[in-house]
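A.B. asks: The structure is given below, and queries will be raised subsequently.
The values are calculated or read from the model by the stated rules, or taken from the named source; none is laboratory data. As the structure is a computational prediction, the values presented were derived from the model and not from experiment. Reconstructed Cβ throughout: ideal geometry from the backbone, glycine too, with neighbour counts over all protein chains shown.
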Amino acid sequence: MELIFLGDIIGGKALEAALNFIQYNTEAKSAEFKFANAENVSGGFGIAQEHYKKLINGGFDLITGGNHSWSQKEIFHYIQGSKMIRPCNYPKGAPGAGWQIVQKQGIKVGVVNVLGRVFMSVFALDCPFRACDNAIEDLNSQGADIIIVDVHAEATSEKAALAHYLDGRVAAVLGTHTHVQTADERILPKGTAFMTDIGPCVPIDSIIGMTTEGILQRFLTGLPSKAEVASGRIKVHGAKISFDEKLKPISIKRLSA
């Protein structure tokens with residue numbers, strides 16, 4: 001069995017590129033499960049309902065979020081009961097769910113979304129480590145065969161720490177948020193597949209997906225400037241995990257197209 005996860009879809013053109021990738025790319029078509037992080041898909045901030053529907057109708061089984069999950073206010077009206085999860089360590093009472101099970105061909109894949117706290121400037125978050133404990137306990141009680149964790153975090157050390165904390169208890173810990181694919185994919189000692197950042201689906205001639213002019217002005221002047229999604233050629237990034245007949249990960253591979 002194979003599973004793919006695409007990271008940080010940024011803007012409408014990247015959305016179309018991600019859909020084309022899972023429908024026509026040889027690496028992706030064979031995968032039974034397809035997931036994506038899309039918290040930046042609507043103009044670079046949040047996920048509007050129309051874009052959510054495009055992703056689900058186009059073949060993605062589940063969408064994950066992050067620190068921009070709430071940027072499009074309509075999410076409050078449709079997230080409940082949807083195939084989208086937000087970080088599980090938002091305090092009790094936040095709308096939506098932080099984990100969910102997708103079932104196909106008799107296989108139950110549980111996906112957890114969690115937000116890091118280091119350098120993130122997101123207030124009132126619960127501990128990501130303990131929040132994952134709770135999510136995993138619940139998913140196991142529901143009979144999940146495979147558990148995947150999308151850790152949306154800035155610090156590479158925090159992502160690695162969470163991966164080692166969960167090693168042997170989940171199938172994979174996949175990092176998102178930094179919009180740069182890392183080259184450290186591996187299977188950890190107790191059997192969990194890990195990659196610090198699976199990379200973005202993004203306009204390649206940009207500064208992590210946004211126009212260079214606006215971001216440069218911030219660095220040069222220290223003044224606020226409008227951040228807009230860049231145009232031009234799109235690069236799709238992600239990770240592909242292969243499992244044996246016992247549903248244990250046997251390999252993790254970088255995707256880049």
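A.B. asks: Keeping to the range 127-142, report how many residues are closer than 16 Å to Gly116 by Cβ and not in a helix (DSSP H, G or I).
C.D. replies: Result for the range 127-142: 1.
A.B. asks: Which one is nearest to Leu247 (Cα to Cα) among residues in the range 133-161 that are within 15 Å of the chain's Cα centre (by Cα) and not β-branched (Val, Ile, Thr)?
C.D. replies: The selected residue is Asp150.
A.B. asks: Related question: May I ask you to say which residue of Ile252, Ile241 is touching a Leu at 6+ places or on another chain (Cβ under 6 Å) and hydrophobic (A, V, I, L, M, F, W, C)?
C.D. replies: That would be Ile241, the only listed residue that is touching a Leu at 6+ places or on another chain (Cβ under 6 Å) and hydrophobic (A, V, I, L, M, F, W, C).
A.B. asks: Phe76 passes all but one of (1) assigned to a helix (DSSP H, G or I); (2) without any contact (Cβ under 8 Å) to a residue 24 or more places away in the chain; (3) in contact with a strand residue (DSSP E or B) (Cβ under 8 Å, 6 or more places away or on another chain); which number fails?
C.D. replies: Single failed check for Phe76: (3).
A.B. asks: Specify which of the listed residues (Gly214, Gly199, Gly232) is at pLDDT below 95 and either outside any helix (DSSP H, G or I) or crowded, with 17+ Cβ neighbours inside 10 Å (or both).
C.D. replies: Gly232
A.B. asks: Looking at (1) surrounded by 17 or more Cβ atoms within 10 Å (Cβ to Cβ); (2) part of a loop (DSSP other than H, G, I, E, B); (3) without any contact (Cβ under 8 Å) to a residue 40 or more places away in the chain; (4) not acidic (Asp, Glu), find the lone condition where Arg117 falls short.
C.D. replies: Checking Arg117 against (1) surrounded by 17 or more Cβ atoms within 10 Å (Cβ to Cβ); (2) part of a loop (DSSP other than H, G, I, E, B); (3) without any contact (Cβ under 8 Å) to a residue 40 or more places away in the chain; (4) not acidic (Asp, Glu), the one that fails is (3).
A.B. asks: Assess whether Asp184 counts as being part of a loop (DSSP other than H, G, I, E, B), acidic (Asp, Glu), free of Cβ contacts under 8 Å to residues at least 40 places away in the same chain and in contact with a strand residue (DSSP E or B) (Cβ under 9 Å, 6 or more places away or on another chain).
C.D. replies: So Asp184 passes the test.
A.B. asks: Related question: Would you mind finding the one in Lys104, Lys92 that is within 20 Å of Ile4 (Cβ to Cβ) and charged (D, E, K, R)?
C.D. replies: Lys104
A.B. asks: Only one residue in Ala48, Ala131, Ala97, Ala124 is surrounded by fewer than 24 Cβ atoms within 10 Å (Cβ to Cβ), in contact with a Cys (Cβ under 6 Å, 6 or more places away or on another chain) and among the hydrophobic types (A, V, I, L, M, F, W, C), so which one is that?
C.D. replies: Only one candidate passes the filter, namely Ala131.
A.B. asks: Condition test on Gln72, is it surrounded by fewer than 22 Cβ atoms within 10 Å (Cβ to Cβ) and in contact with a His (Cβ under 9 Å, 6 or more places away or on another chain)?
C.D. replies: So Gln72 passes the test.
A.B. asks: Surrounded by 14 or more Cβ atoms within 10 Å (Cβ to Cβ), closer than 21 Å to Asn25 by Cα and not polar (S, T, N, Q) - does that describe any residue in the range 202-210?
C.D. replies: So far as the range 202-210 goes, yes, one or more of its residues are surrounded by 14 or more Cβ atoms within 10 Å (Cβ to Cβ), closer than 21 Å to Asn25 by Cα and not polar (S, T, N, Q).
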